[in-house]
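The values are calculated or read from the model by the stated rules, or taken from the named source; none is laboratory data. This is a predicted model, so every value here is computed, not measured. Cβ placement follows ideal geometry from the backbone for every residue including glycine, while neighbour counts extend to all protein chains displayed. These accessible areas exclude ligands, DNA and RNA; they are computed on the full protein's heavy atoms, side chains included. Shrake-Rupley method; radii C 1.70, N 1.55, O 1.52, S 1.80 Å.
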Amino acid sequence: MLRSPRALLLDFGGVLADAPPQPPAPPELVRRLSQLVGGVVADQQIAADLTEGARRYSAWRDDAGRTADPVELSHSRVWAEFVTGSWPGPARDAVDREATPLSYAWTWRADWAVRPGIPEALRAATAAGLPLAVVSNTLCGAAHRDFLAAVGLAGSFAAQLYSDEAGPRKPNPRLALLAADAVGVPIDRCWFVGDTLGRDVEGARRAGAGAAILMRSPRTDREPPQPAVVPDARIEDGHGLLALLRQARGSVD
């Protein structure tokens, strides 16, 4: 049986919310960029550069995750390095000036949905006096904050730590340590709940978390095998998290 936690640190995508993949070049974002640059870059080129940029940024994230202490790129650098490099100077400058709202638009998913059992698990944890924090890698944490507010979950969290705001990216242990500091609980008394071995479980281990819980998501199933990274427990959704809490604490309702 796992040691009872004094706080929960939870990933966003794959744990709090289902995040189905969307096309890397959403038509509304293509139109917005076209208007922003005054049509000097063709819509077809914008769509192609967004698609290739998404692929390259994903590859960068994977490569960064294999380094010792990965740090998130700024919004401006993501656009400049992965999307607009071949655009005319005035178009690049226009995107740079709007890099943060554009990053929000590229991050936001209209079909985000709260994962099954998560509201019940969060209510039970809060009732038991456990502070909660979000700990997430993302291009734009503001989009995640707004989603949690829109579905009525933002008030459950004492802190929300996002890589684009805080700097470190999981598996850099600093992101989890910042979250533990924010909720005022030693990291070795925190459970860390994520949906990947390489970023979440590995990051939790490196931070010294009290337990590393793997919640299965489609991303979990796509991850390459990592036999050296073993979670303390595997669960399917928020109902599984609530069951773990009840086992550990005895009377979480």
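A few notes on this one:
- Test: residue in the stretch 147-157 that is of a type in the set (Ser, Thr, Tyr) and out of contact with any helix residue (DSSP H, G or I) (no Cβ under 8 Å at 6 or more places or on another chain): no
- Just one of the listed residues (Trp112, Trp108) is free of Cβ contacts under 8 Å to residues at least 60 places away in the same chain, farther than 20 Å from Ser4 by Cβ and under 17 Å from the mean Cα position of the chain (by Cα), namely Trp108.
- Residue in the stretch 219-234 that is within 12 Å of Gly14 (Cβ to Cβ), in a helix (DSSP H, G or I), in contact with a strand residue (DSSP E or B) (Cβ under 9 Å, 6 or more places away or on another chain) and open to solvent by 20 Å² or more (accessible area, probe 1.4 Å) present: yes
- Pick from the stretch 196-218, criterion of a type in the set (Lys, Arg) and under 17 Å from Ala68 (Cα atoms), ranking: least open to solvent (accessible area, probe 1.4 Å): Arg199
- The single condition among (1) more than 14 Å from Val193 (Cβ to Cβ); (2) in contact (Cβ under 8 Å) with a residue 60 or more places away in the chain; (3) surrounded by 17 or more Cβ atoms within 10 Å (Cβ to Cβ); (4) not aliphatic (A, V, I, L, M) that Ser136 does not satisfy is (1).
- Selection within the stretch 164-195: residues that are surrounded by fewer than 24 Cβ atoms within 10 Å (Cβ to Cβ) and small (Gly, Ala, Ser). The member of this set that is farthest from Leu9 (Cα to Cα) is Gly167.
- Exclusive hit being in contact (Cβ under 8 Å) with a residue 40 or more places away in the chain and more than 20 Å from Arg115 (Cβ to Cβ), set Ala233, Ala182, Ala228, Ala211: Ala182
- Gly89 passes every criterion in (1) more than 24 Å from Arg145 (Cα to Cα); (2) free of Cβ contacts under 8 Å to residues at least 24 places away in the same chain; (3) touching a helix residue (DSSP H, G or I) at 6+ places or on another chain (Cβ under 7 Å) apart from (3).
- From the options Thr67, Thr107, residue that is among the β-branched types (Val, Ile, Thr) and closer than 18 Å to Leu36 by Cβ: Thr107
- Close pairs (8 angstrom Cβ cut-off, 6 or more residues apart or separate chains): in contact (Cβ under 8 Å) with a residue 12 or more places away in the chain and more than 24 Å from Gly129 (Cα to Cα) in the stretch 185-200, open to solvent by 10 Å² or more (accessible area, probe 1.4 Å) and not in a loop (DSSP other than H, G, I, E, B) anywhere: Asp195/Gly13; Asp195/Arg219; Asp195/Thr220; Thr196/Arg219; Thr196/Thr220; Leu197/Thr220; Gly198/Gly65; Arg199/Gly65
- Among the conditions (1) in a helix (DSSP H, G or I); (2) open to solvent by 20 Å² or more (accessible area, probe 1.4 Å), the only one that Pro24 does not satisfy is (1).
- Output for the stretch 31-50, where each listed residue is closer than 18 Å to Cys140 by Cβ and either hydroxyl-bearing (Ser, Thr, Tyr) or open to solvent by 10 Å² or more (accessible area, probe 1.4 Å) (or both): Arg32, Leu36
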